[in-house]
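Nothing in this text is a laboratory measurement; each read-out follows from the coordinates by a stated rule. Remember, it's a predicted structure, so these values are computed and weren't measured experimentally. Virtual Cβ from ideal backbone geometry, glycine too; neighbours counted across all protein chains shown.
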Amino acid sequence: MSLLALGINHKTAPVKIREQLSFAPDTVPDALKDLVSQEAVNEAVILSTCNRTEIYCQLNCEDDDTSVATEALVQWLKSFHQLEDTDISEYLYLHPNKDAVRHMLRVASGLDSLVLGEPQILGQLKSAFAVARKSNTVQQMLNKLFQHTFSCAKQVRTDTAIGASAVSVAFASVSLAKQIFSDFHEHTALLIGAGETIELVARHLKESGIGRIIIANRTLEKAHLLAHEFDGYAIALNEIPAHLAEADIVISSTASQLPILGKGTVESAIKKRKHKPIFMVDIAVPRDIEEQVSDLEDVFLYTVDDLKEIIDEGLKSRQEAALKAEEIIDVEVSHFMNWQRSLNSITTMCQYRSKAGDICEQAVKHAKKQLHNGQSVDEVLEYLAHQLTNKLIHQPCIQIKQAGMDGRTELVDAAIELFDLEIKD
């Protein structure tokens, strides 16, 4: 049986192509069942995110004969998405066997992500595996591979700093705030906007234990939706002056063409706070917070450009951690491939035990017949031992003898090790 990882991602395909090959969550169970009904596929898991669509499967073919099965899998993918007339081959990557294992481990560890070291992909892989298990499209091989993958990703997270450094403006903003405020749970954050960046900021703040979150947005309904997700409080933009004094942290990211916070508004808030400092990050371009706000005492204002140095340093740190992560993955790939190879030996042992059992059964049956015919117990036992010995060693002896005649010394040496023989000079 051969392993295969087939897919596209942000590196190989533009979003236009990724959209066409993505699987909606409610279609995945049926897609999995249809996939394993194909003659070429024995087990399958489908991972579909905004940045990648991948199929991990065990094919019904030998490791050196995957071309026909692979082509069938590609045709199934095109057919499922009704793209029979579209050539997608230039966007696809195919990773067989050992390369498939390495690819999975790298994906789970965040080494193949758009943002190096991001942790969300591991959760997405776990969800994809859970759906496949529920759909009964996972058996021994993929079950072992995914469990091994999750264990490896956990080790990478534990033993390296792959996810510790800030590499996005959202992460960098929160990391900087944590350096300024030690008792995070006692402070309030005002987030202006309700887009993807602010959502990420809110997530990082929540995970870091922020005490309270206020979401301000032009559309109050969107603010309410986001605030509800993070146990926050929603306000409209025109309510900011009334709540600004409550905020120790202000992070803004809107699409406004004009500043939302002016120097006068912030100055009034500082007076209400009795000059307790405010930490502000303006992620927006054009800026949401007037440049003159930075002139105020007790205000620490940072822009996107100020965060660049933090992000660059974070990327450097993650790249260094990635080198160590690759070393861990090398070891874990080897461990999995050793386990996979051991399956072949287990099959061989089972077959040998079955053959030996058949020989034993026939010999015992004949021995019982001799006892029934009146032969003495001693004679029958001696005959039984002789028969079993001869029948069990007959074929191995012939093979070893032939190997010696053919000069196949490696087989003779293997027999010495296999039968634990002590060869005397």
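For the chain, count all C-alpha to C-alpha pairs, find those more than 41 Å apart, and express that count as a whole percent of the total. Roughly 43 percent, once rounded to a whole number. For region 274-284, the Karplus equation 6.51 cos²θ - 1.76 cosθ + 1.60, evaluated at θ = phi - 60°, returns couplings of 6, 6, 5, x, 10, 9, 10, 10, 9, 8, 6 Hz by residue, with Gly and Pro reported as x. Taking the square roots of five times each eigenvalue of the Cα gyration tensor of region 360-425, the equivalent ellipsoid has semi-axes of 35, 12, 9 Å, listed largest first.
Maximal additional length on extending the ARG133-ILE359 stretch stands at 77.3 nm, based on 0.36 nm per residue less the C-alpha distance. Spacing of the modelled spin labels on GLU309 and MET405, each 7 Å from Cα toward Cβ, amounts to 8.2 nm.
Near VAL41, the amide H atoms lying under 5 Å from its own belong to ASN60; only residues 5 or more places off or on other chains count, and H is placed 1.01 Å from N. Computed over region 84-166, the range of Cα coordinates on each principal axis works out to 45, 31, 23 Å, biggest value leading.
Listed by chain and number, the lysines whose C-alpha is less than 24 Å from the C-alpha of LYS316, apart from same-chain residues fewer than 8 away, are LYS11, LYS154, LYS178, LYS308, LYS324. Considering only alpha-carbon pairs that sit under 8 angstrom and 6 or more positions apart, the relative contact order computed for the chain is 12 percent.
Length gain on complete extension for the stretch GLN75 to LYS11, per 0.36 nm per residue less the alpha carbon to alpha carbon distance?
Residue separation times 0.36 nm, minus the Cα-Cα distance, leaves 20.8 nm.
Take every Cα pair under 8 Å whose residues are at least 6 apart in sequence, average their separation, divide by the length of region 169-312, and the relative contact order is 22 percent. Computed packing ranks the peptides 235-247, 411-423, 50-62 as 50-62, 235-247, 411-423, most packed first, by mean other Cβ atoms within 10 Å. With a simple spin-label model that places each label point 7 Å from the Cα along the Cα-to-Cβ direction, the separation between GLU379 and PHE150 comes to 6.5 nm. Sort region 169-312 into rounded, prolate or oblate with this rule: let a ≥ b ≥ c be the square roots of the eigenvalues of the Cα gyration tensor; rounded if a/c is under 1.5, and if a/c is not under 1.5, prolate when a/b is larger than b/c, oblate otherwise. Since a/c stays below 1.5, the shape of region 169-312 is classed as rounded. With a/c under 1.5 counting as rounded, go ahead and sort region 3-113 into rounded, prolate or oblate using the C-alpha gyration tensor (a ≥ b ≥ c being the square roots of the eigenvalues; past the cut-off, prolate if a/b is larger than b/c, else oblate). It comes out rounded by the Cα gyration axes.
Between the C-alpha center of region 57-120 and that of region 345-378 there is a gap of 49 Å. When you filter the GluC sites (Glu not before Pro) in region 284-393 for DSSP loop state and at most 15 other Cβ atoms inside 10 Å of their Cβ, you are left with GLU297.
Computed from the Cβ-Cβ distance with R0 of 35 Å, the FRET efficiency linking TRP339 to ILE393 stands at 0.65. Which residue, ALA69, ALA367, ALA325, tops the fluctuation ranking in a GNM of the chain built on C-alpha contacts under 10 Å? The residue that fluctuates most here is ALA367.
Across region 273-425, C-alpha contacts under 8 Å between residues 6 or more apart give a mean separation that, scaled by the residue count, equals a relative contact order of 12 percent.
For an R0 of 22 angstrom, estimate the FRET efficiency from the Cβ-Cβ distance between VAL68 and ILE88 and round to the nearest 0.05. Computed FRET efficiency for VAL68 and ILE88 comes out at 0.75. Each Lys or Arg adds one and each Asp or Glu subtracts one; over the other residues with Cβ under 15 Å from the Cβ of GLY195, this totals -3.
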